[in-house]
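Beneath this line is the structure, given in structure tokens, with notes to follow.
We did not get these values from a lab; they are worked out from the coordinates using the rules stated. Not measured: the values here are computed from a predicted model. Heads up, the Cβs are rebuilt from the backbone with ideal geometry, glycines too, and the neighbour counts pull from every protein chain shown.
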Amino acid sequence: MTSAFARSEADYNTLTPAAQDAFNQLMEQADTARSNTEYLPLMQALAGLADLPQGEIRKCGCSCWCPVIFDANADGAHVIEESKGYNLGRVQCPTCADRHLETA
């Protein structure tokens, strides 16, 4: 028997336009959530939209406009900019961080 591995990344561009709109709205709501009671269900919904395991879901925040959706706590992910009073900071996906590490 083989074990199935959970996906660790998704491509934003493969989401339908409606799913992209929902993803963007959920990210905005998560960015301004005032408590874990608000925040955690938004992260769960984002993970579901991207078909990823639950986690700190982000879209790659680097300047190359990478379409990767991933867990910000993934090995190799790189924080470009801390949250500064918001829940979400800018985080680079592991591939982009390896190829062209950015700073704020």
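The table for this structure:
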item	result
Helix-only CD estimate at 222 nm, as mean residue ellipticity for the chain, using -39500 (n - 2.57) per DSSP H run (n ≥ 4)	-11000 deg cm²/dmol
Test item: Cα-centred dipole of region 10-99, Lys/Arg +1 and Asp/Glu -1 on Cβ, debye	140
Mean separation of Cα contacts under 8 Å, 6 or more apart, over the residue count of region 10-99: relative contact order %	25
Filtered trypsin sites (Lys or Arg not before Pro), region 13-87: DSSP coil and at most 16 other beta carbons within 10 Å	ARG34, LYS84
Exposed-site-free run, longest, the chain (rule: chymotrypsin sites (Phe, Trp or Tyr not before Pro); DSSP loop; at most 13 other C-beta within 10 Å)	6-64
Computed Rg/Rh of the chain, alpha carbon atoms with Kirkwood Rh	0.97
Distant-in-sequence amide H partners of GLU81 (H built 1.01 Å from N, under 5 Å)	ARG90
Region 40-91: GluC sites (Glu not before Pro) in DSSP coil with no more than 13 other Cβ atoms inside 10 Å	GLU82
Separation in nanometres of the label points that stand 7 Å from Cα toward Cβ, at ALA22 and GLN54	1.8
Exposure proxy order (Cβ contacts within 10 Å, fewest to most) of VAL68, VAL91	VAL68, VAL91
